[in-house]
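Some notes on the structure that comes next.
Nothing in this text is a laboratory measurement; each read-out follows from the coordinates by a stated rule. Since this is a predicted model, take the numbers as computed values, not measurements.
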Amino acid sequence: MTQDKLIKELVRDGYLKSPSIIEAFKKINRADFVPESEGEMAYYNIPLPIGYNQTISQPLTVAFTLELLEPKKGEKILDIGAGSGWQTALLSELVGEEGKVIAIERIPELKNMAEKNVGKYGFAKKGIAEIILGDGSKGYPEEAPYDKIVAAAYVKKIPACWKEQLKIGGRIVAPVGEQMTVLDKTGPDKFEQKQYFAFLFVPLIEGEVGDKSS
Ligand code: SAM
């Protein structure tokens, strides 16, 4: 399997559509985000283990999520659950030098892994990406408001603080249970919601940062 084949499959199956997202998938090499032991599998359309009971997301899930999120140049995006840093790097490529991606990860070793992997593309040096160790269920008020908020782990309900930390006109894309949910903020306290078919995600863990028991 090659990167080119994977991207063609994602386009053929309708997961990748936008030229900017297809271009980002070409520039950000998934092999840079998987552990060496999984290297040969980097271009298969499957999630892969990255340690600490976590995975790098399945390519079709990331493609589907990004198409719903519609990241644009210059936007400020909160990326909850950095994991390997792959989606953080894709988002950084999409928002460009005028934009900002704040990624939160609760497991210190994965925060370091994401930082190292995203660092291969110089996004932190250019001030585009920042990886924070923390509990994303609380959002990240320090840098709010955001144009977009995206989560890579499912929640039972979209937390009120995510809605508060979103700009009017902004969008949240997050798995709620097994439904991929898009929430548009249309007024100070007004939201429009759409839900898409089932996906398998790991749960968003609330509480102590660094607790690896779950
Ligand atoms: N997009 C990432 C990737 O492709 O590598 C996804 C990684 S994984 C599917 C989801 C991540 O969410 C895991 O790294 C997990 O530790 C993290 N996570 C779970 N609960 C979290 C929380 N409350 N705050 C921050 N990160 C959390």
For Lys120, go through the lysines and keep the ones whose alpha-carbon is under 27 Å away, minus same-chain ones fewer than eight residues off. Lys5, Lys8, Lys17, Lys26, Lys27, Lys72, Lys73, Lys76, Lys100, Lys111, Lys148, Lys212
One can check that the equivalent ellipsoid of region 3-198, built from the alpha-carbon gyration tensor with semi-axes equal to the square roots of five times its eigenvalues, has lengths in Å, largest first, of 24, 19, 16
Whole-Hz ³J(HN,Hα) for each residue in region 154-170, computed from phi via Karplus 6.51 cos²θ - 1.76 cosθ + 1.60 with θ = phi - 60°, x for glycine and proline: what do you get? 7, 10, 6, 8, 5, x, 4, 5, 5, 5, 5, 7, 9, 5, 5, x, x
Compute the distance from the alpha-carbon center of region 131-164 to that of region 22-68, in whole Å. 22
